[in-house]
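The values are calculated or read from the model by the stated rules, or taken from the named source; none is laboratory data. Nothing here was measured: the structure is a model prediction, and the numbers come from that model. Positions of Cβ are generated from backbone atoms using ideal geometry, with glycine treated the same way; all protein chains shown enter the neighbour counts. In case anyone asks, the SASA skips ligands and DNA or RNA and just uses the protein heavy atoms, side chains included. Shrake-Rupley method; radii C 1.70, N 1.55, O 1.52, S 1.80 Å.
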Amino acid sequence: MAEAILTPIEKKPIGFTAGVLAAAGGFAGLFIGTAQGSGLLGILVGAALMAALAFVAMQVLGEALEKPVRWGLFAVAAVGGYLFNAIPGLIMGGLFGWFFGWFIYWIGMGRYRAHLVPYLTPGQVLWHYSFRVLCGAIFVFLITPIIVVMPLSFNAQDFFTFTPEMLAFDPAGYSLKHYRDFLTNPEWTNAVKNSLMVAPVATLISVSLGTLAAIGLSQSHVPGKRAIMAILISPMIVPLIISATGMYFFYSKIGLVGTYWGIVLAHAVLGIPFVIITVTATLVGFDRSLTRAAANMGANPVTTFFKVQMPLILPGVISGGLFAFITSFDEVVVVLFIGSAELQTLPWQMFTGLREQISPTILAAATILVGISICLLTAVEILRRRSEKLRGMSPG
């Protein structure tokens, strides 16, 4: 279903359109110019070029030729990018041409106001879109390092940088050899095995204790709930190096340093706060009359928990468990303090590879971990939506 148009659109003055396009072109030119060694020149050229294109598109050619102008700008930018930097330039040029071809008419014809309420002031409209651009820029800033790591993991050479063959999209520049090393090298396979031995058990302990703690803290008669909650989630707030140091000195007194159960218990402690927070959030919409009704019908507390309460809070419990699993599987600082050479986990092996041998296999391992994290977080989001539906907080 198409979104309703809330505000009639009208063509904007060319001064406004050219000014906005000049600002956008200058912003894009900053990055291109910086890459070529002159950011100021890039700003000036980008601003002048986009202002001129806006004038030609809106004043000379007009709205009737919108599609030919957009396709023409896409083609010219793609060809120019190809002449400048072959296939990578073709892709980037095409993307820039497509975006600015759409952006010129989106601004010039006032379409940016179509889905906003008509009583917004120009300042409010500016903030509406500036906020979204700012959020998008932060997202790009956070996601770019991950996006860069993924293609580097397919490098045919033992480098941590893009080779000329990779930049030219030459198949000879790409290889799966780092993934083969990850799957066949005993150092890496043993590290994966250790992580898979530790993470599920730590997750089970975190889910069990965290769920019970969340249910207990959700009761109104528990004294000092805020102080207890602050203590239980402190591993999530205190810097990890402090937690690792404290665990090392404590575990050394009771003989758990360098043992399997020492690592498991340490990771369980780090995962419990995630379980408490997710289960507590799920319990916010829980109807307490259901447990009272079960008790009136003769069900004991254990039966009430498993038959009435658990099915409704299960999405939150599973979400907390997934977060606890990710925390355990990705944790390296605590393992460095309380682990041993025989119990090296995957993050520890990656850290060792960076510190001692600079193995590009780290990139393949990082890419696999990113893929696993994406799958788990997708599952968390699906469970969150299901939990909201079960609690009646969103439409079915």
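When the test is whether a residue is touching a residue at least 60 places away in the same chain (Cβ under 8 Å), under 33 Å from the mean Cα position of the chain (by Cα) and part of a helix (DSSP H, G or I), Ile263 passes it. When Gly321 is tested against (1) surrounded by 17 or more Cβ atoms within 10 Å (Cβ to Cβ); (2) among the small types (Gly, Ala, Ser); (3) outside any helix (DSSP H, G or I), exactly one condition is not met: (3). You will find that of Ser220, Ser208, the residue that is part of a loop (DSSP other than H, G, I, E, B) and either under 22 Å from Ala364 (Cα atoms) or not aliphatic (A, V, I, L, M) (or both) is Ser220 and no other.
How many residues does region 278-312 hold that are in contact with a helix residue (DSSP H, G or I) (Cβ under 7 Å, 6 or more places away or on another chain) and of a type in the set (Phe, Trp, Tyr)? Counting residues in region 278-312 that are in contact with a helix residue (DSSP H, G or I) (Cβ under 7 Å, 6 or more places away or on another chain) and of a type in the set (Phe, Trp, Tyr) gives 1. Between residues in region 227-250 that are at pLDDT 85 or above and residues that are open to solvent by 60 Å² or more (accessible area, probe 1.4 Å), which pairs lie under 6 Å by C-beta distance while being six or more apart or on different chains? If the second residue must be open to solvent by 60 Å² or more (accessible area, probe 1.4 Å), the pairs left are Ala244/Phe337; Tyr248/Phe337. Taking (1) over 25 Å from the mean Cα position of the chain (by Cα); (2) open to solvent by less than 70 Å² (accessible area, probe 1.4 Å); (3) without any contact (Cβ under 8 Å) to a residue 24 or more places away in the chain in turn, Ala213 satisfies each apart from (3). Taken together, Ala227, Ala295, Ala213, Ala202 contain a single residue that is among the small types (Gly, Ala, Ser), closer than 30 Å to Gly353 by Cα and in a helix (DSSP H, G or I), which is Ala202. In the set Ser359, Ser394, Ser373, only one residue is at pLDDT below 85, closer than 20 Å to Leu183 by Cβ and part of a loop (DSSP other than H, G, I, E, B); that residue is Ser359. For beta carbons closer than 7 Å, sequence separation of 6+ or different chains, a first residue in region 88-104 that is of a type in the set (Ser, Thr, Tyr) and a second that is modelled with pLDDT under 90, there are no qualifying pairs. Take Lys253 and tell me if it is free of Cβ contacts under 8 Å to residues at least 12 places away in the same chain, surrounded by fewer than 18 Cβ atoms within 10 Å (Cβ to Cβ) and in a helix (DSSP H, G or I). Judged against the criteria, Lys253 is a match.
Conditions tested, residue by residue: (1) closer than 28 Å to Pro13 by Cα; (2) exposed (fewer than 15 other Cβ atoms within 10 Å of the Cβ); (3) at pLDDT 85 or above; (4) not β-branched (Val, Ile, Thr).
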| residue | (1), (2), (3), (4) |
| --- | --- |
| Ile104 | yes, no, yes, no |
| Tyr112 | yes, no, yes, yes |
| Leu120 | yes, no, no, yes |
| Ile147 | no, yes, no, no |
| Phe154 | no, no, yes, yes |
| Gln157 | no, yes, no, yes |
| Gly173 | no, no, no, yes |
| Trp188 | no, no, yes, yes |
| Ala191 | no, no, yes, yes |
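Of the residues making up region 16-69, those that are open to solvent by 60 Å² or more (accessible area, probe 1.4 Å) and charged (D, E, K, R) are Glu63, Lys67. Of all residues in region 331-372, those being within 30 Å of Lys389 (Cβ to Cβ) and open to solvent by 60 Å² or more (accessible area, probe 1.4 Å) number 1.
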